[in-house]
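Below is one structure; the comments refer to it alone.
Please treat every number below as a calculation from the coordinates, not as lab data. Values in this document were obtained by computation on a predicted structure and should not be read as measured data. All Cβ positions, glycine included, derive from the backbone under ideal geometry; neighbour counts span all protein chains shown.
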Amino acid sequence: MNKNSYKDGPDKEGNFGIFGGKYVPETLMPLITDLENEYEQAKKDKKFLDEIQFFARNYVGRESPLYFAERLTDLTGGAKIYFKRDELNHTGSHKINNCLGQILLAKRMNKYRIIAETGAGQHGVAVATVCARFDLECIIYMGNKDIERQKSNVFKIKLLGGNVIPVHSGRGTLKDAMNEALRDWVANVKDTYYLIGTVAGPHPYPSMVRDFQSIIGREAKEQILEKEGRLPDILVACVGGGSNALGLFYPFLDDDVEMFGVEAAGLGLDGEEHAASLSKGLPGILHGNRTYLLQDKEGQIKEGHSISAGLDYPGIGPEHSWLKEQERVKYVSATDNEALEAFELCSRYEGIIPALEPSHALSFAIRIAKKLDKKKIIIMNMCGRGDKDVETVSKIMGIEAS
């Protein structure tokens with residue numbers, strides 16, 4: 001990998017330094033190779049790229065606004081806070097960016113049975129949406145715990161024609177759903193395309209998902225130059241698997257911009273109830289790649305915890321692990337309570353109800369803005385809207401709908 005640029009990875013084997021790779025059963029290796037070759041051709045194909053651009057504009061609703069959060073900025077008394085508002089995308093999150101790219105790739109490969117995993121449900125909704133649009137079979141694996149706390153998204157998936165398969169193993173969360181999706185893929189290699197929702201999994205998924213999500217950062221760079229005449233000082237995004245964060249960060253990696261990925265500290269990093277794999281984990285192998293993972297002394301994967309269903313994955317995308325070790329991105333954390341406080345502040349001060357995932361990032365953005373000069377500029381990725389979380393939060397806050 002060329003050390004002169006942070007944007008050159010992965011290498012030909014799919015590695016970001018010691019992270020990444022493709023650790024999959026022999027049955028899947030031909031599919032992985034076919035996918036890798038097809039993607040390499042597709043990203044040079046003008047027709048494919050034009051089709052993505054067409055649907056991004058006319059179906060997803062891009063470009064998403066870069067919004068100056070004036071009241072929250074006044075509240076902190078410090079740096080300017082901008083939101084990259086990907087929660088305004090069709091389906092309500094950044095997930096549709098990647099799903100659009102991959103569904104067009106699946107069609108190109110003549111795969112008509114689409115499987116996926118989902119935690120917070122936003123990826124599941126986005127997959128079901130593109131499957132409905134392009135008339136493809138849709139099967140979504142979802143942990144039973146996540147089904148319970150994301151009922152509205154489960155209904156949306158079913159309404160869109162998707163088949164939601166509950167996963168009862170483990171804690172019934174995202175890790176377990178991904179395990180089942182991989183088992184399905186091994187058993188149905190001929191006609192099935194696995195549409196992974198984050199920058200994890202075997203190569204080429206981490207870099208492919210990153211590429212599809214990088215539209216976020218490319219737009220943000222152009223928008224901030226137009227609004228402020230310069231690049232931001234700081235970028236902030238939440239990290240579970242890490243796709244929204246890399247989508248924002250990647251186009252800025254070689255620029256003089258500080259970056260913070262905010263993990264879920266859950267009930268606190270001193271205990272076991274968190275999902276801070278970069279802060280508290282160790283390198284290991286899970287779901288086809290080598291990366292930082294929450295694991296015990298015997299190497300068994302621990303369960304992650306977060307109030308947010310999208311951040312409780314016990315690992316992280318391998319490029320994030322590499323960026324951590326290169327000290328290019330700093331990884332911090334926010335607790336459940338800090339995220340809830342930011343959720344409420346954003347709703348009341350900006351009239352924007354955020355998802356619990358970006359509420360973690362917003363908590364840190366507010367925290368750091370207070371310490372900075374008013375001339376500094378922060379861009380935070382508002383990667384999802386809070387419709388899916390209002391029932392969870394209302395119960396915690398004791399606010400009745402009636």
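Starting from 0.36 nm per residue, how many nanometres of slack lie between residue 189 and residue 74 once their C-alpha separation is accounted for? Intermediate results must be reported in sequence, preceding the final value.
Values: separation 115, 0.36 × 115 = 41.40 nm, distance 5.45 nm.
Roughly 36.0 nm would be gained on extension.
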Partner lysines for residue 111 [C-alpha distance under 22 Å; skip if fewer than 8 residues away on the same chain]: 22, 43, 44, 46, 47, 95, 158, 190
Intensity falloff of the chain expressed as log10 I(q)/I(0), Debye formula with alpha-carbon point scatterers, at q = 0.09, 0.12 Å⁻¹: -0.47, -0.88
Residues with amide H under 5 Å from that of residue 201, placed H, sequence gap 5 or more: 289
Label point 7 Å beyond Cα of residue 110 along Cβ direction - residues of segment 174-190 with amide nitrogen under 16 Å: 189-190
Neighbour count of at most 11 Cβ within 10 Å plus DSSP loop: longest GluC sites (Glu not before Pro)-free window in the chain: 27-297
Unpartnered cysteines - no second Cys beta carbon under 4.7 Å - across the chain: 99, 238, 346, 383
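Quick check: residue separation of residue 41 and residue 400 times 0.36 nm, minus the Cα distance between them. What number comes out in nm?
On the way: separation 359, 0.36 × 359 = 129.24 nm, distance 5.32 nm.
Going from the current span to full extension adds 123.9 nm.
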Segment 208-286 and segment 341-360: distance between their alpha carbon centers, rounded to Å: 18 Å
Over 27 Å between alpha carbons, listed pairs 156/395; 227/324; 84/395; 221/330: 227/324; 84/395
DSSP beta bridges in the chain [antiparallel fraction, %, rounded to 5]: 30 percent
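Would you mind classifying segment 187-287 by shape? Square roots of the alpha carbon gyration tensor eigenvalues, ordered a ≥ b ≥ c; an a/c under 1.5 is rounded, otherwise it is prolate if a/b is larger than b/c and oblate if not. Show your work: numbers first, answer last.
On the way: a/c = 2.78, a/b = 1.24, b/c = 2.24.
Since a/c reaches 1.5 but b/c is at least a/b, the shape of segment 187-287 is classed as oblate.
Within a 10 angstrom radius of the beta carbon, how do 198, 173, 27, 192 rank from fewest other beta carbons to most? Don't skip to the answer; put the middle values down first.
Working: 198 31, 173 25, 27 11, 192 21.
Least crowded to most crowded, the residues run 27, 192, 173, 198.
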Segment residue 344-residue 285, extension gain: residue separation times 0.36 nm, minus the distance between their alpha carbons: 17.5 nm
Förster radius 45 Å - calculated FRET efficiency between residue 169 and residue 49 (Cβ-Cβ, nearest 0.05): 0.70
